[in-house]
Amino acid sequence: MGVAAGLAVAQAPAGGDARRGSLTVVGTGIDVASHLTPAARGAIEGADEVLYLLADPVAALRVETLNPRASSLDHFYGPTKPRRETYAEIVDAIVGAVTGGARVCVVLYGHPGVFALPGHEAIARVRAAGFPARMLPAVSALDCLLADLGIDPATTGLQTYEASYFFVRRPTVDPRATLVLLQVGMLGERGGAPTGAVASGFRVLLDRLTELYGSGREAVLYEASPFPGTAPALARLRLGEDDGAATPAVMSTLCVLSGR
């Protein structure tokens, strides 16, 4: 999108029916059958235009059933295309639809505000252009992890980072508290798909965690189940001891358990 086009979508229309444009950003949760809230469902059904980014075809089918005008944003992604470029194009598409007069509902996987940059940026730009915008809460992968692993952050403390951020920035951590690293299956990746570099980077990450927490600290590679009645995928390991065979899937989260 050129500069002129980008400015055009950032400005509110002068008048007419287009002023009814609005934006609602919702999440499906991880298991769309169980986690989709009544408020999110109502927003999807009542929208003029529904744009979605979802992790599985079941969720996409559910959204398209609720609103036949729903369409995917997946076409903006490319295996080697920088995610920042993809996100910018997605935000432009969302803002353009709203400023064009549509009541837009954007549907994202999990919680729409947790590791979901386009939702936040679209809301900010839509509000700056003078249109109403809101985000509705939903169930995230972190919520599922806390429930499935029986973790109470009030008891153990909780530190949460995006895995690549943690890997590069090396923030100070409390080794007594639980550490959650999200998107570990995309560790170090800037494009839209994982490469072979993830596995080697993950080995280095485990070595760093062993230095921080000591050998023997329990960790879990976790992936929430997207289907009702199905158990999550869990791979338990001990840092520095039996972590050699651990390999993250694309949707994996790494949790280093507290030392209590």
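The values are calculated or read from the model by the stated rules, or taken from the named source; none is laboratory data. Source: prediction; values computed, not measured. When we count neighbours, we look across all protein chains shown, and the Cβ atoms used for this are built from the backbone with ideal geometry, even at glycine. Each accessible area value is taken on the protein alone, full model and side chains, heavy atoms only, with ligands, DNA and RNA left out. Shrake-Rupley method; radii C 1.70, N 1.55, O 1.52, S 1.80 Å.
Starting from the Cα gyration tensor of the stretch 3-135, take the square roots of the eigenvalues, sort them a ≥ b ≥ c, and report rounded, prolate or oblate (rounded when a/c is under 1.5, otherwise prolate if a/b is larger than b/c, else oblate).
It is oblate, given that a/c is not under 1.5 and a/b is not larger than b/c.
If we count every other residue with Cβ under 15 angstrom of residue 44's Cβ, Lys/Arg +1 and Asp/Glu -1, where does the sum land?
+1
Dipole magnitude of the chain about its Cα centre, charges +1 at Lys/Arg Cβ and -1 at Asp/Glu Cβ only, in debye to the nearest 20?
My answer is approximately 560 debye.
How far, in degrees from 0 to 90, does helix 117-128 lean away from the longest principal axis of the Cα atoms of the chain, to the nearest 10?
That helix lies at roughly 30 degrees to the long axis.
Relative contact order for the chain using alpha-carbon pairs under 8 Å, separation at least 6, rounded to a whole percent?
Relative contact order of the chain: 21 percent.
Any idea what the relative contact order of the stretch 202-260 is, in percent, if you count C-alpha pairs under 8 Å spaced at least 6 apart?
In percent, rounded to a whole number, it is 41.
So, in nm, how far is label residue 45 from label residue 169 when the simple model puts each one 7 Å beyond its Cα toward the Cβ?
With each label placed 7 Å out from Cα toward Cβ, I get 4.1 nm.
Let me have the 222 nm mean residue ellipticity of the chain computed from DSSP H runs of 4+ only, each contributing -39500 (n - 2.57), with the sum over all residues rounded to the nearest 500.
One gets -10500 deg cm²/dmol as the mean residue ellipticity at 222 nm.
In the chain, carbon and sulfur make up what percent of the accessible area (probe 1.4 Å)?
55
Under 1.5 on a/c is rounded, so check that first for the stretch 141-256, then, if it is not, pick prolate when a/b is larger than b/c and oblate when it is not; a ≥ b ≥ c are the square roots of the alpha carbon gyration tensor eigenvalues.
Rounded.
According to the square roots a ≥ b ≥ c of the eigenvalues of the Cα gyration tensor, what is the shape class of the chain, taking rounded for a/c under 1.5, prolate for a/b larger than b/c otherwise, and oblate for the remainder?
prolate
All other residues with a Cβ under 14 Å from the Cβ of residue 172 taken together, and with Lys, Arg as +1 and Asp, Glu as -1, what is their net charge?
+2
Which FRET efficiency value, to the nearest 0.05, do you get for residue 85 and residue 156 by plugging their Cβ-Cβ distance into 1/(1 + (r/R0)^6) with R0 = 30 Å?
0.20
With every protein chain left in place, what is the accessible area per residue of the stretch 141-256 in square angstrom, probe 1.4 Å?
For the stretch 141-256, the per-residue accessible area is 48 Å².
What angle, in degrees between 0 and 90 and rounded to the nearest 10, separates the Cα long axis of helix 83-99 from the longest principal axis of the Cα atoms of the chain?
Helix 83-99 sits roughly 30 degrees off the main axis of the chain.
Could you work out which residue, out of 150, 216, 130, moves most in a Gaussian network model of the chain, that is, has the largest mean-square fluctuation with Cα springs under 10 Å?
Highest fluctuation among the options: 150.
In degrees, nearest 10, range 0 to 90: what is the angle between the Cα axis of helix 197-213 and the longest Cα principal axis of the chain?
The two axes meet at around 60 degrees.
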